[in-house]
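Peer 1: Supplied in structure tokens, the structure appears directly below.
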Amino acid sequence: MTTSHVAATVPLPPPVARPQDAQLRQDVRWLAATLGRVVGRLAGEDTFRAVEELRRACRARRLGVPGAPDLDTLLARARSLPPETARLTARAFTVFFILINAAEQAHRVRRSRQDDLAAAQRGSVRWSLRRLHEAGQGADDVTRALLTLDVRPVLTAHPTESARRTILDLQARLAEGLLTRDGAPEPQRRAIEGRLEGEVELLWLTEEVRRDRPSVMDEVSNALWYLEDRLLDAASRVNERLAQAFEDEFGRGLPAVTPLTMGSWVGGDRDGNPFVTAEITLAAARSARRAVLGHYALALADLTARLSVSERLAAVSPELRASLERDRQDLTAVWEQNRRRNADEPLRLKVSFMRARVEADPPGYASPAELERDLKLVADSLDAVGAAHARRALVEPLLAQVRAHGFHGYRLDVREDAAVHTRALDDLAATVGLGRLDGEAIRRELAGRRPLHAPQVTLAGPTEGTLQVFRVMRRSRRRSGPRRPRPTSSRARGPPTTCCACCCWRVKAASWTCHASPRSPASTSCRCSRRWRISSRRRSSCVRC
């Protein structure tokens, strides 16, 4: 076949890019050249030529260059490649797409930094607040609106998202390296580029997907990578930018707001997935809990290293002294370990106690509110000695994270087909001699004292499995403690009577958001589209949140 040689001689026009994307184009060209060198070294020159000729031919066709090969010619060329060359050629394009993703990831950060200065990007936080200010909205009105915001990105185990965590780490390191390369002096730039080429070599030699089918816990691990390595810090930066932009536009500080929290279906969405069991849901919730507590522990370790305020130079508040005395009595080992080194550094000593509590198993804090209270004490102590900027830079980001993510990390949605709940409710009703329950019968049961199930009663396997899910929800809430966002939610799709049936199971303190399907019968009078909770009292009743 000679089509590739013809395609290679077709002159290609220069790339067309927006002025603001010029640096992205440079990154992509550099990464493409780097990949070409790697392919030539590791796969051979024949593979490199096949990749380059096919790339140029495809690009010429896309740009409509006269004399470029048509699609049938390109397909014939691809089919004519030897199997091993075809495999390596396909791999080269796959790796190139990963490199493009890394370049775009770096460029989004680059553009975001530029927009922070110029407020140029339409739809950004600063742009939005400026438009509100120009439209005559006052600071109080905007504050009230911000306090009502509840934005929750939800992670899903989509079947098309099968990237390994190793690949995600490589892509992240490439993006960070491209940003570090910006503006670096020439000798340092060459060293950075050498390290980046090493990452491209590793990417070429790493399998993109595992040979075995990923388990649900593999999917959970993948979701936690985004939570730990990206989303927790990203949400914190959103809060920081919101606070700074509000102050710049309205001339005063913004009260504590938590507009952004996280959610996940991974490990909780059992609708049609038999591998998502109650045990998997509990393991997913525990994994998220460990991840967020580990994140807090690292942040507190960094805070310990930074808060070197000496009581010889700054007065210690009575509240901080009293708190340290309680900590000394409760955590004697931590006190003995740090009392000499931090004898005159009370804030550093306090944070050491806080870190020990977070790292304990189970944590020494019964609830996120207790950790929040200690962080506020540290923040107020910095304010009291005039270190307001240190408070804002060091303590408030962690404080905002604890408010937003608690000890659960993200809200785990527990999803199930409504037919499963309907069958379980029918089974429960049958064991106590009741017929099939309609909406009115369900409300009567909710208002009464009689439980629909006792531990000694044997149920069908599917019904027992459904009940076990709610026991897991209860256990998860007890471990994570009370907080604003709920750790688990059940979104049962189907008639509202099915959703209300969940309340009959007397799952103490388990709360969720129940959404009726638009296809629900019009005759159903249940108001389950509202939010409900189950009372933890012996007499369980369905009440408005």
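Peer 1: With V432, V420, V414, V385 as the choices, which residue is hydrophobic (A, V, I, L, M, F, W, C) and closer than 30 Å to L227 by Cα?
Peer 2: After ruling out the rest, the residue left standing is V414.
Peer 1: Taking region 378-393 only, how many residues are in contact with a helix residue (DSSP H, G or I) (Cβ under 6 Å, 6 or more places away or on another chain) and not charged (D, E, K, R)?
Peer 2: 5
Peer 1: Among the listed residues R59, R130, which satisfies the condition of being surrounded by fewer than 18 Cβ atoms within 10 Å (Cβ to Cβ), touching a residue at least 24 places away in the same chain (Cβ under 8 Å) and not assigned by TED's automatic domain parsing to the domain that holds A175?
Peer 2: R130 is the lone residue from the list that is surrounded by fewer than 18 Cβ atoms within 10 Å (Cβ to Cβ), touching a residue at least 24 places away in the same chain (Cβ under 8 Å) and not assigned by TED's automatic domain parsing to the domain that holds A175.
Peer 1: Pull up region 211-228, narrow it to residues that are in contact (Cβ under 8 Å) with a residue 60 or more places away in the chain and acidic (D, E), then point me to the one that is nearest to L298 (Cα to Cα).
Peer 2: E228
Peer 1: Regarding R152, is this residue touching a Lys or Arg at 6+ places or on another chain (Cβ under 9 Å) and modelled with pLDDT of 85 or more?
Peer 2: yes
Peer 1: Need pairs with beta-carbon distance below 6 Å; first residue closer than 13 Å to A299 by Cβ and within region 393-410, second buried (at least 21 other Cβ atoms within 10 Å of the Cβ) and of a type outside the set (A, V, I, L, M); sequence gap 6+ or separate chains.
Peer 2: A400/N239; V402/P368
Peer 1: Test each condition in (1) surrounded by fewer than 16 Cβ atoms within 10 Å (Cβ to Cβ); (2) touching a helix residue (DSSP H, G or I) at 6+ places or on another chain (Cβ under 8 Å); (3) in contact (Cβ under 8 Å) with a residue 40 or more places away in the chain for R195 and report the one that comes out false.
Peer 2: It fails just one condition, (3).
Peer 1: Considering only residues that are part of a loop (DSSP other than H, G, I, E, B) and closer than 18 Å to A103 by Cα, which ones fall in region 184-207?
Peer 2: A184
Peer 1: Among the listed residues R181, R213, which satisfies the condition of being crowded, with 16+ Cβ neighbours inside 10 Å and charged (D, E, K, R)?
Peer 2: R181
The values are calculated or read from the model by the stated rules, or taken from the named source; none is laboratory data. Bear in mind that the values here come from a model prediction, so they are computed numbers and not experimental data. Virtual Cβ from ideal backbone geometry, glycine too; neighbours counted across all protein chains shown.
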